[in-house]
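The values are calculated or read from the model by the stated rules, or taken from the named source; none is laboratory data. Quick caveat: nothing in here was measured; it's all calculated off a predicted structure. Note: ideal-geometry Cβ built from the backbone for every residue, glycine included; neighbour counts use all protein chains shown.
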Amino acid sequence: MTQDEIKEMIAKIYGVVWTKNAQLRAFAKLVAAKEREACAKLCEENAKKSLSAQKVTDGNDLSDVFLRHHASAHFQNAQDIRARGQA
């Protein structure tokens, strides 16, 4: 979430232009962190579903490779989402 997006949210909610109030900034960062974690967990759940689907394939190697790649992409997405909070 960018500073401009935080400013816009505060203006919509409180009807004021951006303030330098540290408490509002801290609150906005907390909300963004919670949302990032929720998104990352959703990616991990989807990765686990892909790995579970691999167990019911008919032994087709190409299907297994695809499902492992698909799960890996979901896990990578989760890592990338969490890394946004570190930037």
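Of the helices (runs of 4 or more DSSP H) lying entirely inside the chain, those containing at least 2 residues that are small (Gly, Ala, Ser) and at pLDDT 85 or above are 22-54, 61-84. Annotation note: Cβ proximity below 7 Å between a residue of the range 1-15 that is closer than 16 Å to residue 84 by Cα and a residue that is small (Gly, Ala, Ser) and at pLDDT below 80 (sequence gap 6+ or interchain) occurs for 6/28.
Taking the range 16-38 as the search range and keeping residues that are surrounded by fewer than 15 Cβ atoms within 10 Å (Cβ to Cβ) and in contact (Cβ under 8 Å) with a residue 40 or more places away in the chain, which one is farthest from residue 86 (Cα to Cα)? Ranking the qualifying residues of the range 16-38, first place goes to 37.
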